[in-house]
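The numbers here are math on the coordinates, done by the rules we state, and not lab data. Predicted model, so just to flag it, every value in this text is computed and none were measured. Cβ sites come from the backbone with ideal geometry, for glycine too, and all protein chains shown count toward neighbours.
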Amino acid sequence: MRRANLFWLLFLAACDCGGSGSSGTPCETAAECPTGEVCLDGRCQLPGRRDGGTEPGCVDLDGDGRGEGCEDGPDCDDADPTQTGTERCDGVDNDCDGTADEGVLSPCGDCNPLCMSSGFGPGGRPFEPTPENSDGVNVDEEGALVLDSERINTNFIWIANTTEGSVSRFSTTAPYAEVGRYFTGPDVFANAHFAGNDPSRTSVNTLGDAFVGNRNGNRITRISVLGESCPDTNGDGVVTTSRDLNGDGVISFDLAAGELLPWGEDDCVLWSRFLDDVLPGERFVRAVAAQDVEGPDGELREYVWVGGYATNRVVKVDGRTGEPILFAEAPINPYGFAIDAGGQLWVSGNAGAGFLGRVDTTRCLDAASCAEAVCQASGPDGTECDGAIKARIPTPGILPYGITVDFDQRVWLGAYRTGIPGRTYYPHIARFDPDAAPGARWINVDLPSRGFDFDFVVNGIAADARGFVYGAAWSNGGILRIDAENPLDIVQIPGTLGTTNKGMAIDAEGKVWSITMDNQAVVVQPGATIGENTVTTGVATNIRGSYTYSDMTGLQLRLATNPRGYYRHLVEGCGEDGDIRTVWGELRFDAELPTGTSITFRVKSADTRAELDALDWTPLAVAPPATSPLAIDAALAAAGLTPGRLLWVEVVLQAERSSSREVITPRLRSFDLTFTCPPRIE
């Protein structure tokens, strides 16, 4: 009551706002006053109103205009003029429910009327992943953002036109149109193998770009997947690149048609590097593997590993610039590469005797660390070399050829034997499990003894996400489908015999692509069981002399490494008026993060989209361990950046693989951004 009396003393001293005609009788309580009057400041009087008038019948003990019989409604606490029953942003529990300012705080969580927010996810703007703003993510039935390998943008396959000196990019969605064709070096139209550029090995990184190794010319070339959205690499203000001008689904190799551009004129050829300084005199670049490594701030560091067969070297190349980072002795003459989730580079080598090589890329980081001698294992188990940076492991009586790594991090080899009377080659497949116990690491399948007899080699080999492996049984053995858990369970897919199957790849939809030496591709749509397969021949008949294999779609890299996906959204802050600036506040998020999963938040900010595109991402935090909210302005300031009116937000979802049948995923239910627009003061 003392608080109310003080309030009214100050109030009445400032203005004449009491009721007229009151009795003025001394009192201690309203019960001592005439009907309709209240006891205020020891005197009976009519209750006050905020408009200075009186309201007969209104009982307002604290003078806030609310009470029993009052026009403004009842008062939840008639002894406290701040508790009126209606919340306002003042830090007080105005409606007497035990919580202050609920429902009236600004989006910034305070009483700043200039604060605004932009929310995403259920309850705000829904997440809408598209190929332009995301990769490897989708929304679940509740609208939360989750990892989804079916959304990975690997809907292209890169097929080398070996005798032409180019590589073609085909859509892996029917009708399988050729959408681009690019030279991989200056020596074009050689019309022979081991001449001209002689492109053969292709490897696709997580962005969808292709690295192409030339078996002749000692060169590695990077080509962008973006087509007409490629960067303007020659700086002439126009993106000039290969395209299907007449819409017939093929790229003409007649330069006069303008669909295939001369060497040096295609903006999508991001760089091409002659490697004679690190592979001196090398003729046979026979192994290529893209590798994307996460940096400490969540950024992707792009690399590509190149193998020189004649020089017996491995070279690590900066994927962005093409500049070599290191070179070192290879564990075996490199014929093929495959990288697993632990950063182990597995090497297929068939020079002389059969060996499986391994390079630990997490420890082979520079010339000094990679100079360690190769560990020579005494037997096929290779256990004494498990901790070595580089290892050479004898294979169980076979010569490796094609190589891949499956979802469970097991190495698969297309292979053969020689020295069999009456035969040139004796085909095999083999599986090596580096995590198995000694004596159980290898499974070696003698194909003729299983009823699959053809006098040649299992060339390309690829693993899918459904637990099957596919081998190219060149030249007359068709395509083999193998149960990854039981490699003795094999079928020779009907309809694929008679084609010279060479390279093998799996696309984003799980279809199997076999690239043949008779200028076509064979596409297989696998069914649920090993014997269910639908075969389409005569695909991509515009390819030329395609001695091509390796990871032509990028799915091997995706399936053998931990899944990762991103979602990006551009947020506009304060208006384009230069007198108004944007102060970015917090990023708040609601996420479900099972053990082994994480979400990385990054931003960049500028006043224009062109300025934004030129900036690197600024890390906010990785959750876990970070929790909501995250301070945007502080992160930009720490990076030395001036906030602009545009903010580009990237969320990166990651998870560890648990099995070949299941991937755990984080769930980002929602996030919102806060910002204010204070006037710019000069």
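At-a-glance table
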{"quantity": "Value of Rg/Rh across segment 450-496 [Cα atoms, Kirkwood radius]", "calculated": "0.94"}
{"quantity": "Integer Hz, Karplus 6.51/-1.76/1.60 couplings in order for segment 123-133, x for Gly and Pro", "calculated": "x, x, 6, x, 5, 9, x, 9, x, 7, 10"}
{"quantity": "Alpha-carbon spread of segment 155-553, three principal axes, descending order, Å", "calculated": "61, 52, 42"}
{"quantity": "Cα-centre dipole for the chain with unit charges at Cβ (Lys and Arg positive, Asp and Glu negative), debye to 20", "calculated": "4500 debye"}
{"quantity": "Pair-distance profile P(r), taking every C-alpha pair of the chain, with 10 angstrom steps and integer %", "calculated": "3, 13, 20, 19, 14, 8, 5, 5, 5, 4, 2, 0, 0"}
{"quantity": "J(HN,Hα) series, segment 272-278, from Karplus relation 6.51 cos²θ - 1.76 cosθ + 1.60, nearest Hz, glycine and proline x", "calculated": "9, 10, 6, 9, 5, 6, 10"}
{"quantity": "Using alpha-carbon coordinates, inclination of helix 2-14 to the longest axis of the chain, degrees", "calculated": "70 degrees"}
{"quantity": "Neighbour net charge for PRO487 - beta-carbon separation under 15 angstrom, K R +1, D E -1", "calculated": "-3"}
{"quantity": "Whole-Hz couplings from phi, Karplus 6.51/-1.76/1.60, listed for segment 522-529; x for Gly and Pro", "calculated": "10, 10, 10, 9, x, x, 5, 10"}
{"quantity": "Highest to lowest packing among 283-294, 480-491, 594-605, scored as the average C-beta count within 10 Å", "calculated": "283-294, 594-605, 480-491"}
{"quantity": "Burial order of peptide ranges 410-423, 131-144 (average beta-carbon count within 10 Å, highest first)", "calculated": "410-423, 131-144"}
{"quantity": "Theoretical FRET efficiency, 1/(1+(r/R0)^6), r = Cβ-Cβ of ARG301 and ALA79, R0 60 Å, to 0.05", "calculated": "0.35"}
{"quantity": "Over segment 149-213, volume per residue of the alpha carbon convex hull, in Å³", "calculated": "82 Å³"}
{"quantity": "Alpha carbon convex hull of segment 210-321, volume per residue in cubic angstrom", "calculated": "140 Å³"}
{"quantity": "For VAL571, residues with placed amide H under 5 Å, excluding near neighbours", "calculated": "LEU647, TRP648, VAL649"}
{"quantity": "Residue-averaged 222 nm ellipticity for the chain, from DSSP H runs of 4+ at -39500 (n - 2.57), nearest 500", "calculated": "-1500 deg cm²/dmol"}
